[in-house]
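One structure follows; several queries about it will come next.
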Amino acid sequence: MIPTWARGGVRAGAAHARRAFVFVLPGLWVLGVVAWELCRPTSGQLLQLLAAAPAIACAGTGRRQCVLLGGVCALLALVPFGTVEPGTGLGTRMMTCGAILAVIGASYLTAGRRLRLVRELERTREIAVAAQRVVLRPLPRRIDGVLLAADHLSASEGAEVGGDLYEVVGTRHGVRAVIGDVRGHGLAAIGTVAAMLGSFREVVHDEPELGDVLRRLERSHQRHLRERAGEGQPPGGGGESVGRLAEEFVTLLLLQVARDGSVTALNCGHPWPYRVACQTVAPVAPAEPMPPLGVFPLPEELSAVRCGRLRPGEGLFLHTDGAADARDAAGEFFPLAQQLRSSVEAAAAPCGPSPAGVVGEVREALLRHAGGRLTDDVAFLMLSNDRVRVPAQSAGTPPPSVRLPR
């Protein structure tokens, strides 16, 4: 946390220094022009450069400083500096003053339009952030005894949602989670992400088996693609649009954590998670993944794969392939497993690694590795069993609070 605070303080200090420099730059410009005219008189010809000061003030700070500084520059243009040569008297100074006033007017109008555009952009961003958070809503810290932490990085600048998706829902069947990657990235994939997440949030409560959940997701995906293509016919009806639909697919990993900590999963072309314990990180690969959703029809029989049991304090770290495929300037891939082990050690706690700490450490390391330049969306999701282990009572022994009748 201390390095994070330090980096935040450095960035805040640099931003404050830039704002201060932009604020004083117009004044420095005026002082420089006046000082040059006093030291090396040009009979007022150099004073024409004062017309740039109001424009600099409007571009960097605002309209008030533009008008104030422009008025000062207009007055300075009327002041005779040094020796005034014939032909460069009051008329020339009046022309310079008029040019400065014209620049003030133009800069004032331009700055007003710029401020209106900035306010409109801020409102648009607020609406976009609210809409994106509805699609990929923030997860609670805890669901039914399972600690959660998630993060997402979009390859599109200014976007909080891209082609990656995740969700965790508590149901009567257990805590169910999904993480996936839609073909493509950025804003173009948000429609498919919204369709998949909306379907998942509904069907996980209705279907007792993960296989039935996956089948419902497949039907939702096909329906979404048909609606997007503007067709009423199912895939396989022929035509150029059907060929385009065949190229659209989604990798999905479905997980279910039961009350006893047992984990079952169904994997459609997605990276398997990592099992995280106090000081150990091990990949989970119990079976070969199925093809991504949408490439081929699902098999007739879908049996969830058993992934062992999560003891209290243990967790699963889920990710999309954008994390493992991120490269630095030299073309080296991000060492996800190695960084995950380091993050687990850094976020160690007596009851197990903190999911929020692990996800935050991996995120910062990924951004440092890629230099802030991502070519694909990235999503992280960590689930940790935080249920208290209750010792089993021996048979025939009543609870301490119950008294047997005599």
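For region 282-299, name all the residues that are modelled with pLDDT of 90 or more and of a type in the set (Val, Ile, Thr).
Once the filter is applied, which keeps residues that are modelled with pLDDT of 90 or more and of a type in the set (Val, Ile, Thr), region 282-299 yields only 284.
Every residue in region 224-259 that is surrounded by fewer than 15 Cβ atoms within 10 Å (Cβ to Cβ) and at pLDDT 90 or above, please.
To start, the set of residues in region 224-259 that are surrounded by fewer than 15 Cβ atoms within 10 Å (Cβ to Cβ) comprises 227, 230, 232-234, 236-240, 243-244, 246-247, 258-259.
Those that are surrounded by fewer than 15 Cβ atoms within 10 Å (Cβ to Cβ) and at pLDDT 90 or above: 258, 259.
Still on this structure, I have one more. In region 198-214, what residues are in a helix (DSSP H, G or I) and under 12 Å from residue 303 (Cα atoms)?
210, 211, 212, 213, 214
Something else: For residues that are in contact with a Pro (Cβ under 9 Å, 6 or more places away or on another chain) and part of a loop (DSSP other than H, G, I, E, B), tally how many sit in region 323-372.
3
Working only within region 278-307, note down all residues that are hydrophobic (A, V, I, L, M, F, W, C), outside any loop (DSSP other than H, G, I, E, B) and under 31 Å from the mean Cα position of the chain (by Cα). Show your work before the answer.
In the first step, residues of region 278-307 are kept if they are hydrophobic (A, V, I, L, M, F, W, C); the result is 278, 281-282, 284-285, 287, 290, 293, 295-296, 298, 302, 304-305, 307.
Checking which are outside any loop (DSSP other than H, G, I, E, B) leaves us with 281-282, 290, 293, 296, 305, 307.
Residues satisfying the conditions are 281, 282, 290, 293, 307.
Condition check ((1) of a type in the set (Val, Ile, Thr); (2) at pLDDT 95 or above; (3) surrounded by fewer than 18 Cβ atoms within 10 Å (Cβ to Cβ)) across all residues:
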residue	(1), (2), (3)
102	no, no, yes
105	no, no, yes
110	yes, no, yes
114	no, no, yes
124	yes, no, yes
168	yes, yes, no
209	no, no, yes
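Here is a follow-up. Among the candidates 282, 329, 277, which residue alone is touching a Lys or Arg at 6+ places or on another chain (Cβ under 6 Å), of a type outside the set (S, T, N, Q) and farther than 25 Å from residue 165 by Cβ? Lay out the reasoning, then the answer.
Numbers: 329 fails: touching a Lys or Arg at 6+ places or on another chain (Cβ under 6 Å); 277 fails: touching a Lys or Arg at 6+ places or on another chain (Cβ under 6 Å).
The match here is 282.
Out of the residues in region 323-333 that are under 22 Å from the mean Cα position of the chain (by Cα) and surrounded by fewer than 21 Cβ atoms within 10 Å (Cβ to Cβ), which is modelled with the highest pLDDT?
Of the residues in region 323-333, the ones under 22 Å from the mean Cα position of the chain (by Cα) are 323-329, 333.
With surrounded by fewer than 21 Cβ atoms within 10 Å (Cβ to Cβ) added as a condition, the list becomes 324-325, 327-329, 333.
On the way: 324: 88, 325: 88, 327: 89, 328: 88, 329: 86, 333: 92.
Per the stated criteria, the residue is 333.
The values are calculated or read from the model by the stated rules, or taken from the named source; none is laboratory data. Since the structure is predicted, the reported quantities are computational estimates derived from the model, not experimental observations. When we count neighbours, we look across all protein chains shown, and the Cβ atoms used for this are built from the backbone with ideal geometry, even at glycine.
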